[in-house]
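All remarks here apply to the structure that follows.
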Amino acid sequence: MNIPQTTSIENALHIYYRHAELGNKEITILFGQRSPNTLSKLKKIAKDEMREREMMSFGSNTVNTVVAFEVWGIDVKDLEHRMKKIKQLKLA
């Protein structure tokens, strides 16, 4: 599955630091409006990794944020660096 691009660096960081787990609402904010099938596929990728790590989730329809970002290829350190640079250059 091709992972969609995030809607913005700011949204991605906000979601990462504010939510321990992600549901459809947070994933939609992260990637923009997607089909229910796409949301399910994204969560399945994260759930599979969580099972591999023997991790449980708080809800049956949510996934661990750290694991999800890792398996979806979202590099938080890179996003933080980019956000810092945006602010330094006053591009925000």
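The values are calculated or read from the model by the stated rules, or taken from the named source; none is laboratory data. As the structure is a prediction and not an experimental result, all values here were calculated from the model. Ideal geometry is used to build each Cβ from the backbone, glycine not excepted, and the neighbour counts take in all protein chains shown.
Listed values, structure above:
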read-out: Pick from the range 42-60, criterion modelled with pLDDT of 95 or more and in a loop (DSSP other than H, G, I, E, B), ranking: farthest from Thr7 (Cα to Cα); value: Glu54
read-out: Members of the range 17-41 that are farther than 17 Å from Asn64 by Cα and in a loop (DSSP other than H, G, I, E, B); value: Gly32, Gln33, Arg34, Ser35
read-out: Residue check, Ile15 crowded, with 18+ Cβ neighbours inside 10 Å and touching a strand residue (DSSP E or B) at 6+ places or on another chain (Cβ under 8 Å); value: yes
read-out: Cβ-Cβ under 7 Å pairs, at least 6 apart or on other chains, the range 67-92 side farther than 20 Å from Ser57 by Cα, far side part of a helix (DSSP H, G or I) and among the aromatic types (Phe, Trp, Tyr); value: Val76/Tyr16; Val76/Phe69
read-out: Within the range 1-25, considering residues that are in contact (Cβ under 8 Å) with a residue 12 or more places away in the chain and among the charged types (D, E, K, R), the one nearest to Trp72 (Cα to Cα); value: Glu21
read-out: So Ile74, is it in a loop (DSSP other than H, G, I, E, B) and at pLDDT 95 or above; value: yes
read-out: Considering residues of the range 49-74 that are of a type in the set (Asp, Glu) and in contact with a helix residue (DSSP H, G or I) (Cβ under 8 Å, 6 or more places away or on another chain) only, the residue surrounded by the fewest Cβ atoms within 10 Å (Cβ to Cβ); value: Glu70
read-out: Residues located in the range 18-39, provided they are surrounded by 15 or more Cβ atoms within 10 Å (Cβ to Cβ) and among the small types (Gly, Ala, Ser); value: Gly23
